[in-house]
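Novice: Handing you this structure, nothing more for now.
The values are calculated or read from the model by the stated rules, or taken from the named source; none is laboratory data. What you see is a predicted model; the values in this text were computed from it and never measured. Cβ atoms come from the backbone with ideal geometry, glycine included; neighbour counts cover every protein chain shown.
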Amino acid sequence: MLREVGSIYRKEMRAYFTSPIPYIFMALFAGIMAWRFFFDDDTAFFVFDKADMARGFFYRLERWLIVLVPAVSMGQWSTEVDRGTIETLLTLPIRTSSLVLGKFLAAWTLVGICLLATATIPISVSSIGDMDWGPVLGGYAGAFLFCGALLAVGVWISARSRHQIVSFVLTLVVGMVFVAMYELAEKAGSTFGPILEQLSLVSHYQAIGRGVLDLRDLAYFGSMIALFLYLNAQSVENRRYR
Amino acid sequence: MKNRNARIKWLSAGCTLLLIVVLLLTNALLARANMRVDLTEEGLYTLSDGSRAIMESLEDPARIKVFWHNVPLRFDNTKRYIAGLLDEMDDASSGKVQSQWVDMSEEAGLAQASELGLEEHRFAVRHGAEFRQAMGYMSLVIEIGDATPEKINELANITDKLEYRIVSSIFKGQRAAPPIIALVQKRPFNARGGPQAGRFAYLERELSLAFGDALRSYITLDKDIPEDVDVMILADPRDLSEEQVYRFEQFLLRGGRAVVLCDPLDARGVAGPNVQVVRSAPSGLEDWLTHVGVTVEKGCVVDFHEKGSCLYPQEQRDRFGRVIGVDWVRYAHWPKVQPENCDQTNPVMRYLQPMATYWPAALSINEERQKTAGRKVAILASSSAEGYRRGDVTNLRRAGITREGKLLERVPLIALVEGPLTSFWAGRPKPGEKPAEPVPPEPDQPTKDDDPKGDDPKGDAPQKDDSAKAPGGSPDGDPDGQPEAGTDAPKKDAPKKDAPKEAPPPADAPKKAPPPAKAPPQDEPKKSDGDDEADATEPTGPERLQNGNVRFVIMGDADLVANSFNPRIFLTSVNGAYGFPFVQNMAEWLSGSEDLMALRSRATNPRNLAQMDEGKRDMIKHVNLLLVPLLVLLAGMTVFIVRRSA
C-alpha cells in the first residue's frame, strides 16, 4: 500500500511543480502574509515592539487559510473528471484508499510548502529580538493541522462535484462555517456554545497556537482528517463501481 | 443489480456511521487525558516545580470553583490555560485540589456568584464595526476548610500570575500561624482627613495578595509597633522624627525584622530620563543609620555597563508625526541589579530576576563600626563593575553624563545588617522625655574631633537639604565628581552629640537576643549584659530596650515598588518589575519562610525588539514583502521555461 501511495504522491507533486501556478500561488500567499504582519495597522509589529508572532501573524490566520485550502483542494478530483482522466485512474491496479491518501498527502504537502514560504518572517523576527520559538512552532503546527482537516473536507467535496469552481466555493463555505461556529459559540449559550466550540477547527488551532501540543487537539484533527478521507474513499469507490 | 447497489449504499452508510461513533468515543475518552507538550521556552503552560512541590505537600483538601460566564472569545486561551493549570494541580496534589466549572446557564450559578460577592466584569465586544459593552463573570474562588473563601477576579488580567495567586492562596490557607507583616508608608490625607491610597498602594495590594490577613497596612511609627508584627517594610521614610526613629529601633531591638527602602532622591512624578533636577529629601534615619554604621548616600548610582541599566521607550515618528516604532534607549541612572552582582548565598537574591531600580542611592558601610559592634553587614546586591556614585543630581538627563573620567566601581545597593546593636539612645532619655537629672559627661563620649558632626549643637528635626545646589559635588566644581567622604553625613546632630559609641557586643549577645515572634513586651525591663557601657553609665527606663540582635535589609531606592513603576505599565514590560517580588520575598525570608520564593520570582522574558534605525526596519519589511515572493516566482518561471524548452 505504501508503494501505491508513494507513486500517486510523486505523480501529484510532479504535476504541481511543473506548472507555474503553484509558484504564483505561493508567492502571493507569502506576500500577503508579510504585508499583514509588517504593514497592517491593526497589528503594527514594530509599534507593538515584541518579538512575537501570535498577534500579527497567527491571529486570524484561519481566515486566510480557508481561502488557500479550497484553492488547492478544488482540482484534486474535479480536474480528473474535467479532463476525463478519472476513468483511467480508476482502472489502474491501485486501491482507492491509496489513491485518496496519495492525493491528499500531496495537496497537504503543497499547503505546507506555502506555509513554509512565510518562514522568513519568524527568521527575521528572531534576528531582531529574543523570540520564543515554542508558540511559533505551535502556530505553524496548528495552521498545518487546520489546513489538513479542511483539505480533507475539500478533497471529499472535489470528489463529489464535477466543476472546480463549485468545489472551491463549497469548500470555502464549509471553511467559513467552521470559523463562524467558533464565533457563534459565544452567543449560543452554555449548552450549545461548548459543543460548537469543540467542533470548530478554530478553537483547536488556537489551542495549539499557544505553543501547547495537546493530545485532545491532535485527536480532533486526526479524527476530522480520518473521517473525511474515509468519505472521500467512499465517493471514489462509488464512482469506480458506477 | 439495484438491490446490490442499495445494499452497498446501506453498508457504506453503516460503516460511515460506525466510524463517526468510534471517532466520537475516541475524542470523548481522550478529553479526560491531560497529555500535552508545552513548547514554550519558559514552560508558561506547565505547573512550575515550586508549585508542584507545594501541591504535593498539601494536607487539607482545597476546592476551586471557576465562574466563567459571558466572556468574549478572545479570552479563550485564558480559559484553556486555567483549565490546564487546574488539571495539573489536581494531578500534582493527588486529587486534593479539586476544581469545578460552575454551570452559569442556570440561575443557581449566577446566584452563587452573587452570594460569594464576585464582581461582574465589563467587556468590550465587537459588533461589526462598533464595540458594545457586555457584562460577565471571570473569577475563581478557592475554598479550604472553614476558612473564608478566597476570591480571584479579573482572571484574564493576571494570567501570568495566576499560578502564583492560586498556589499562594492555597498555601496561606494551610499555614497555621502566618507571619505578621507591616507596611509602613506615608499616606496622603483626603479633605476629610482620612488616609488615602499612598504611593505604595500597588505594593500594598501585592503584599495583601501574598500575606492576606497577616498584612498590617495601616501601621505608622507615630505609635509603638504592635507586638505581633514580625516584619516591617518601611517604604520611603521621610522626615521621620526622633520619636519615630526610636520606635523603629525599639521594634528592631525586640527582634522585629525590617526592609528599609530609603529614597533620598525625590523623583516622584518624574517621567523618565528627561528629568533635570531632582530634590534630595532626608529620611530622618540618617543619624540612626550612621550609628549603625551604614550610610545611604545622597546622589544616585549610575551604571554604565551594557546590561547594568534599564531601557526607556522613545517613540519614533515619521515626518507626518505618526508613531512608527519605539526605540528603547539605555538610561544609566536606572541601574538593573543583575543576578551575577548579587550575593548568591542569600535565598532571596538567588531567586532574583534582573531587577530595575530607579535613581537608587549608594550605600556605604562603616566596616570598623561593624567590627567593633560584632555585627555583620552583607552586601546583597551591587551595581556592575562599571557603577559610579554620582553626587550631583542637578542634571539627570540621559545625555547628561558620560563615563569618561569617572571612578567606576561596584557600588553597594542592598545590604543586610545582622547582629548586636546598642541602642542609639542608650545612656540618654528616650525622645520626648526630659532627663530626670543632668547627665554627667561620659569618659568615652565622642568628641568634636572624632565626630565631625558633633559641632552643631542644634537640630532635633532633620535639616532640609536642597541638593539641587550640587550636593556632594567634587570640590573642583565638577558636577559629576565624586562626593567627598562625609558630605552625605546627616546634619541632625543633637542626638548624635549625646550618642555613645557603640559598645563591643557581649560575647553571648546573639543568643540572648529575643526571637522575633516571642519578643518581650516593650514595657518589660530588658536585661542586658554586664560589660555594656551604656548599662554601666546610664540608668535604663523600664520600657526601653538598650541592646539586642537586629536584622534588617536596607536599600537606597523605593521607586522600584512605587505605583509609578508597577508591573502593568509599558515601561516595566521591558525592564521588569521584580522589585515587587523582591520585597515580598525579602519579607517572607525575614519571617523565616522560603516556600513561595521561586514561584513568585518566576520570570517571563519581555522579548522586546533590538534597537534599530528606520532603514533597517524598512529593509526587514521589504525583504519579506518583496524578495521572498519574487524568489518563489523566479523559481516558478525557471521551471516553466526549462519545461517548455525540453
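Novice: For region B:98-153, enumerate the residues that are touching a strand residue (DSSP E or B) at 6+ places or on another chain (Cβ under 7 Å), of a type in the set (S, T, N, Q) and without any contact (Cβ under 8 Å) to a residue 60 or more places away in the chain.
Specialist: Across region B:98-153, the qualifying residues are B:GLN98, B:SER99, B:GLN100, B:GLN133, B:ASN153.
Novice: Another question about this same structure. Please find, within region A:195-207, the residue that is nearest to the other protein chains (Cβ to nearest Cβ) out of those that are among the hydrophobic types (A, V, I, L, M, F, W, C) and within 15 Å of the chain's Cα centre (by Cα). It would help to see each step written out before you state the result.
Specialist: So the first thing to find is which residues in region A:195-207 are among the hydrophobic types (A, V, I, L, M, F, W, C), and the list is A:195-196, A:199, A:201-202, A:207.
Among the residues that remain, those that are also within 15 Å of the chain's Cα centre (by Cα) are: A:201-202.
Numbers: A:LEU201: 14, A:VAL202: 9 Å.
If we take residues in region A:195-207 being among the hydrophobic types (A, V, I, L, M, F, W, C) and within 15 Å of the chain's Cα centre (by Cα), then A:VAL202 is nearest to the other protein chains (Cβ to nearest Cβ).
Novice: Just for region B:39-56: of the residues that are surrounded by fewer than 18 Cβ atoms within 10 Å (Cβ to Cβ) and within 14 Å of chain A (Cβ to nearest Cβ), which one is farthest from B:ILE166 (Cα to Cα)?
Specialist: Out of the qualifying residues, it is B:GLU41.
Novice: Pick out the one residue from B:GLU88, B:GLU119, B:GLU59 that is of a type outside the set (A, V, I, L, M, F, W, C), more than 9 Å from chain A (Cβ to nearest Cβ) and in a helix (DSSP H, G or I). Spell out how you get there, then give the answer.
Specialist: Details: B:GLU119 fails: in a helix (DSSP H, G or I); B:GLU59 fails: in a helix (DSSP H, G or I).
When all the criteria are applied, what remains is B:GLU88.
Novice: Here is a follow-up. Check whether at least one residue in region A:88-105 is in contact (Cβ under 8 Å) with a residue 12 or more places away in the chain and over 19 Å from A:ARG3 (Cβ atoms), and report yes or no.
Specialist: So in region A:88-105, the residues in contact (Cβ under 8 Å) with a residue 12 or more places away in the chain come out as A:90, A:94-105.
This time we only want the ones that are over 19 Å from A:ARG3 (Cβ atoms), so: none.
Within region A:88-105 (the criterion being in contact (Cβ under 8 Å) with a residue 12 or more places away in the chain and over 19 Å from A:ARG3 (Cβ atoms)), the answer is no, since none of the residues qualifies.
Novice: While we're on this one: Test of understanding: among B:LEU18, B:LEU30, which residue is free of Cβ contacts under 8 Å to residues at least 12 places away in the same chain and more than 8 Å from chain A (Cβ to nearest Cβ)? Quick ask: steps written out before the conclusion?
Specialist: Values: B:LEU30 fails: more than 8 Å from chain A (Cβ to nearest Cβ).
The match here is B:LEU18.
Novice: Could you go through region A:16-24 and let me know if any residue there is over 13 Å from A:CYS114 (Cα atoms) and in contact (Cβ under 8 Å) with a residue 24 or more places away in the chain.
Specialist: Narrowing region A:16-24 to residues over 13 Å from A:CYS114 (Cα atoms): A:18-20.
Adding the requirement that they be in contact (Cβ under 8 Å) with a residue 24 or more places away in the chain leaves none.
No: zero hits.
Novice: Suppose the filter is in a helix (DSSP H, G or I), farther than 19 Å from A:LEU90 by Cα and modelled with pLDDT under 95; does A:ALA180 pass it? Full working, then the answer.
Specialist: Values: in a helix (DSSP H, G or I): yes; farther than 19 Å from A:LEU90 by Cα: yes; modelled with pLDDT under 95: yes.
So A:ALA180 fits the description; yes.
Novice: Would you mind stating whether B:SER208 is polar (S, T, N, Q), at pLDDT below 90, in the same structural domain as B:GLN370 (by TED's automatic domain parsing) and out of contact with any helix residue (DSSP H, G or I) (no Cβ under 7 Å at 6 or more places or on another chain)? Steps first, please.
Specialist: Numbers: polar (S, T, N, Q): yes; at pLDDT below 90: yes; in the same structural domain as B:GLN370 (by TED's automatic domain parsing): yes; out of contact with any helix residue (DSSP H, G or I) (no Cβ under 7 Å at 6 or more places or on another chain): yes.
Criteria met by B:SER208.
Novice: Looking at A:VAL174, A:VAL212, A:VAL166, can you tell me which residue is farther than 30 Å from B:GLU107 by Cα, modelled with pLDDT under 95, surrounded by 16 or more Cβ atoms within 10 Å (Cβ to Cβ) and away from chain B (no Cβ under 11 Å)?
Specialist: Details: A:VAL212 fails: away from chain B (no Cβ under 11 Å); A:VAL166 fails: surrounded by 16 or more Cβ atoms within 10 Å (Cβ to Cβ).
Residue meeting the stated conditions: A:VAL174.
Novice: Among (1) over 19 Å from the mean Cα position of the chain (by Cα); (2) within 30 Å of B:ASP263 (Cα to Cα); (3) part of a strand (DSSP E or B), there is one condition B:LEU183 misses while meeting the rest; what is its number?
Specialist: (1)
Novice: In addition: Scanning region B:91-105 for residues that are loosely packed, with under 15 Cβ neighbours inside 10 Å and within 14 Å of chain A (Cβ to nearest Cβ), which turns out nearest to B:ALA33 (Cα to Cα)? So that I can check it myself, show each step before the final result.
Specialist: Within region B:91-105, the subset loosely packed, with under 15 Cβ neighbours inside 10 Å is B:91, B:94-95, B:100, B:103, B:105.
Those left that are additionally within 14 Å of chain A (Cβ to nearest Cβ): B:103, B:105.
Details: B:ASP103: 22, B:SER105: 26 Å.
Checked region B:91-105; the qualifying residue nearest to B:ALA33 (Cα to Cα) is B:ASP103.
Novice: Only one of A:PHE228, A:PHE192, A:PHE221 is under 22 Å from B:THR26 (Cα atoms), more than 9 Å from chain B (Cβ to nearest Cβ), over 19 Å from the mean Cα position of the chain (by Cα) and not hydroxyl-bearing (Ser, Thr, Tyr); which?
Specialist: Details: A:PHE228 fails: over 19 Å from the mean Cα position of the chain (by Cα); A:PHE221 fails: over 19 Å from the mean Cα position of the chain (by Cα).
Of A:PHE228, A:PHE192, A:PHE221, the one residue that is under 22 Å from B:THR26 (Cα atoms), more than 9 Å from chain B (Cβ to nearest Cβ), over 19 Å from the mean Cα position of the chain (by Cα) and not hydroxyl-bearing (Ser, Thr, Tyr) is A:PHE192.
Novice: Kindly list, by first and then second residue, each pair from a residue in region B:213-225 that is outside the structural domain of B:LYS151 (by TED's automatic domain parsing) to a residue that is at pLDDT below 90 and in a strand (DSSP E or B), limited to pairs with Cβ atoms under 8 Å and residues at least 6 apart or on different chains.
Specialist: Every condition considered, the pairs that remain are B:TYR218/B:PRO195.
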